[in-house]
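Worksheet: one structure, shown below.
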Amino acid sequence: MATIGIMSAMHEELSAVLAEMADQQCVTVAGRDFWVGHWQGHSVVAVLSRIGKVAAATTASILLDRFQVSSLIFTGVAGGLAPEVRVGDVVVAQGFIQHDMDASPLCPRYEVPFYGRACFDADANLSAQLAQASAQILACAPEHFGHEAMGQFKVLSPRVHQGLLISGDRFVSTSAESQVLSQAFPSALAVEMEGAAVAQVCWDYKAAFAAVRTVSDRADDAAHTDFQSFVSGVASRYSLAILSCWLKDLPTEGLGIT
Ligand code: ADE
């Protein structure tokens, strides 16, 4: 049975996933706890990603090399960049770029040296499946997550978006910086700190990768406000519900990876 790697960016997300894995066993590698077990009949390894590109790339490499996962799903939060991407929406990545990669003049800005590309694609089938699961969950978000939690963060009718995620080793918390990023990457939906690095590692290992991010802030001057309570009150519960819905409908053999 193919093993699925689940990288959670937040403690709350991982704890919720572990509560669903009855037979979990912990294996510690490089200071990281990898939880091996089953969820909805699927063989999974769940781990905290850690924050930032290098830490997440290390975690991904161990999942791929040591635990031989054939596909890897990242769940976490992101700052919305595109005007239509609001707090409480979900972004399913189609591609990833490191916004802080600049080896010019050796190669064009944003291009990763030796790869001849700036953008690393998400697996199309996995992403389509996760977008469908996300839409299913968001369609009844208040029932799932409670009117009170949704109201507290003014999440009215959350939507699912699919497109470009950009990653860099910075929490973007000023409107000035998010404007610069939006100008440099007009098609970027949201910004986060790990996805493009993990996508590059998955490219090296020829493994399928997908990422589902809940929009926790608008990457502007108010980005830090209520961040932690949003993560525990809304985002970590979204992740659990979306992954659970996706795994429930997934055949145990054959992930439909492209
Ligand atoms: N993850 C969530 N919000 C973010 C932001 N504003 N910048 C970078 N990573 C994030």
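The set of residues from region 2-23 being open to solvent by 60 Å² or more (accessible area, probe 1.4 Å) and outside any helix (DSSP H, G or I) comprises A22, D23. Contact annotation: residue pairs with Cβ atoms under 8 Å, 6 or more positions apart or on different chains, pairing a residue in region 192-209 that is farther than 18 Å from M101 by Cα with a partner that is open to solvent by less than 10 Å² (accessible area, probe 1.4 Å) and of a type in the set (S, T, Y), are A207/S71; A208/S71; F209/S71. Against the conditions (1) within 16 Å of the ligand (Cβ to nearest atom); (2) more than 13 Å from T214 (Cα to Cα), G79 satisfies every one except (2). Scanning region 29-47 finds no residues that are open to solvent by less than 20 Å² (accessible area, probe 1.4 Å), out of contact with any strand residue (DSSP E or B) (no Cβ under 7 Å at 6 or more places or on another chain) and under 16 Å from R213 (Cβ atoms). A190 meets all of the listed conditions (1) over 30 Å from R109 (Cβ atoms); (2) within 20 Å of the chain's Cα centre (by Cα) but one, namely (1). Among the residues of region 169-185, not a single one is under 21 Å from I73 (Cα atoms), of a type outside the set (A, V, I, L, M) and open to solvent by less than 40 Å² (accessible area, probe 1.4 Å). Selection of first residues in region 214-233 that are closer than 18 Å to G195 by Cβ and within 9 Å of the ligand (Cβ to nearest atom) and of second residues that are acidic (D, E) and assigned to a loop (DSSP other than H, G, I, E, B), restricted to Cβ pairs under 6 Å at least 6 apart or on distinct chains, gives the following pairs, ordered by first then second residue: V215/D89.
F209 meets each of the listed conditions (1) within 15 Å of the ligand (Cβ to nearest atom); (2) buried (at least 24 other Cβ atoms within 10 Å of the Cβ) apart from (1). Looking across I51, I62, I73, one residue alone is open to solvent by less than 10 Å² (accessible area, probe 1.4 Å) and within 16 Å of A197 (Cα to Cα). It is I73. Based on what the data block shows, is A241 aliphatic (A, V, I, L, M), assigned to a helix (DSSP H, G or I) and more than 13 Å from the ligand (Cβ to nearest atom)? Yes; evaluated as a whole, the condition is true for this residue.
On the stretch given as region 150-160, residues that are open to solvent by less than 60 Å² (accessible area, probe 1.4 Å) and more than 19 Å from A188 (Cβ to Cβ) total 5.
The residue of region 125-149 that is most open to solvent (accessible area, probe 1.4 Å), among those that are closer than 25 Å to S229 by Cα, part of a helix (DSSP H, G or I) and of a type outside the set (A, V, I, L, M), is E148.
The values are calculated or read from the model by the stated rules, or taken from the named source; none is laboratory data. Note that the coordinates shown come from a computational prediction; the quantities given were computed from them, not determined experimentally. Glycine gets a Cβ as well: all are built from the backbone with ideal geometry, and neighbour counts include every protein chain shown. SASA here: full protein model, heavy atoms, side chains in, ligands and nucleic acids out. Shrake-Rupley method; radii C 1.70, N 1.55, O 1.52, S 1.80 Å.
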